[in-house]
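See structure below.
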Amino acid sequence: FSNHDIIIVGAGFFGATIAERVANELGKRVLLIDRRHHIGGNAYSENDRETGIEVHKYGAHLFHTPNRVVWDYLNRFTQFTDYRHRVFSAHKGQVYAMPINLGTICQFFGRHFSPDEARALVAEQAAELNGREPQNLEEKAISLIGRPLYEAFIRGYTAKQWQTDPRELPESIITRLPVRYTFDNRYFNDPYEGLPVDGYTAIFERMLGNPLIETRLGTDYFDVKAQIPEGVPVVYTGPIDRYFDYRAGELKWRTVDFAQEVLSVGDFQGTAVMNYADEDVPYTRILEFRHFNPERNYQSEKTVIVKEFSRFATRADEPYYPIDTVEDKRTYLAYKTLAEQEKGVIFGGRLGTYRYLDMHQAIAAALKSFESEVRPALT
Ligand code: FDA
């Protein structure tokens, strides 16, 4: 551990971006470690052995960003396909386009609405609370989109996501529910969107290609911490509560169980993501990976699907989505104070700052941290 100018813990987008900048921009030597046996963090993907279809191992990863700087940065390491994400939702034997748009409204209420008519209908249904402040997630959702659309598309899905009745969830979980009064059913509004032409893992291989970067996989930071010489800066992107041995309490997360199956049909559902809005279906959605890359024209007569089951995480699970209750926020602030006092360690990324970050946000945060914290520590 003595031959490196910096140690980076975690080979996800945050850690890989810092590693790339330190090696290529500063010409310094990096040791990048990850406890997993692969690079890429949660964005890691691999080709399924039986079908050759690329599978995102930690859930669907759709790249999209409004940020030109991040888009240009990532385009140095990959080209993007022209994939545009669309999501459908199965409800009571019918299929609807998400997010709720004019097509969804016409189909759901069974007639042709103009944009203004649809707006008036939703406003009338959303007025149910009569000016009363929403007291829970259910009431908040009704105040935004009215009861019929809430009960069809939001209630069951949310209950499954949180394993909790939406009447018992705080209204603060949702601030808005997008409804589009056009027939546009593109999922994201960002100007830049696409999937990496040769997969996610290839991006990381290129980012980490400089021989100044040494990558050690299957290595847990806490097993090697004592061997790191004093004075070598550390960038830590693992869970912040784990770093401080949970001394201020445990931060709560939700996790997802992924049930992957190879089916002997060429095409199972005709699209990449199908939500299941009803509570009698135990999973929240099904991904079918061949549809993320139609340009590859996969010849396999089989297909790979993944059913997602959402639940609260224990310490042994992969932490995916911060729950972020008032208590969690308080706990995180205690860790943030400890982190500020921890000399020589920079905390970053999703786990290190207890925030849900999209990929582009993790990259943007890393580019910023490189300039404001890492560069000054190394030069
Ligand atoms: P990330 O979690 O990727 O990397 C952290 C790394 O640190 C991990 O590899 C971990 O093993 C390692 N580590 C932790 N503790 C360690 C220790 N003690 N020692 C060594 N290594 C350690 N984003 C998006 O833009 N579009 C999308 O569609 C999705 N979809 C999506 C689905 C799901 C289910 C999740 C959970 C997340 C997404 N994301 C997403 C978000 C995306 O995954 C996220 O932006 C990046 O993972 C953030 O990168 P980080 O480097 O911060 O964390």
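The values are calculated or read from the model by the stated rules, or taken from the named source; none is laboratory data. The shown structure was predicted, so the numbers you read here are calculated from the model rather than taken from an experiment. Note that each Cβ is placed from the backbone with ideal geometry, even for glycine, and that neighbours are counted across all protein chains shown. Side chains included, ligands, DNA and RNA excluded: accessible areas come from the protein's heavy atoms. Shrake-Rupley method; radii C 1.70, N 1.55, O 1.52, S 1.80 Å.
Side notes on the structure shown:
- Assigned charges on the beta-carbon of Lys, Arg, Asp, Glu; the range 12-163 dipole about Cα centre (debye): 360
- Here the range 270-371 has 51 percent of its accessible surface on carbon and sulfur atoms, given a 1.4 Å probe and all protein chains in place.
- Ordered by solvent-accessible area of protein heavy atoms (1.4 Å probe), largest first, the residues LYS307, LYS336 come out as LYS336, LYS307.
- Cα-based helix-to-principal-axis angle, 326-341 vs the chain, degrees rounded to 10: 20
- Evaluated with a Cβ-only charge set (Lys, Arg +1; Asp, Glu -1), the chain carries a dipole of roughly 420 debye about its Cα centre, given to the nearest 20.
- Solvent exposure of the chain amounts to 47 Å² per residue of accessible area, where only protein heavy atoms count and the probe is 1.4 Å.
- The mean sequence separation of alpha-carbon pairs under 8 Å and at least six residues apart, normalised by the residue count of the range 51-157, gives a relative contact order of 15 percent.
- Neighbour-limited loop hits for GluC sites (Glu not before Pro), the range 170-269 (at most 11 other Cβ within 10 Å; DSSP other than H, G, I, E, B): GLU230
- With DNA, RNA and ligands ignored, accessible area of HIS91 (1.4 Å probe; Å², nearest 10): 20
- Of ARG111, ARG180, ARG247, the one that fluctuates the most in a GNM where the chain has Cα springs shorter than 10 Å: ARG111
- Pair-distance profile P(r), taking every C-alpha pair of the chain, with 10 angstrom steps and integer %: 5, 20, 29, 26, 15, 5, 1, 0
- Average Cα contact separation per residue, the chain, under 8 Å, 6 or more apart, as relative contact order %: 26
- The relative contact order of the range 67-219, computed from alpha carbon pairs under 8 Å that lie at least 6 residues apart in sequence, is 34 percent.
- With a simple spin-label model that places each label point 7 Å from the Cα along the Cα-to-Cβ direction, the separation between ASP257 and ALA226 comes to 3.7 nm.
- When the charge dipole of the range 209-308 is built from unit charges on Cβ atoms (+1 for Lys and Arg, -1 for Asp and Glu) and taken about the Cα centre, the candidate among VAL273, TRP253, TYR236 whose Cα reaches farthest toward its positive end is TYR236.
- Percent accessible area from carbon and sulfur atoms, the range 87-222, protein chains only, probe 1.4 Å: 48
- The rule of thumb for compact globular proteins, 2.2 N^0.38 Å, goes into the C-alpha radius of gyration of the range 171-252 1.78 times.
- Dipole moment magnitude, nearest 20 debye, the range 178-334 about Cα centre, only Lys, Arg, Asp, Glu C-beta charged: 240
- The lysines whose alpha-carbon is closer than 16 Å to the alpha-carbon of LYS307, local same-chain residues fewer than 8 away aside, are LYS57, LYS160.
- Of the listed residues LYS92, LYS302, the order by accessible area with a 1.4 Å probe, largest first, is LYS92, LYS302.
- For the residues THR337, THR201, THR255, a 1.4 Å probe over the protein chains yields an accessible-area ranking, largest first, of THR337, THR201, THR255.
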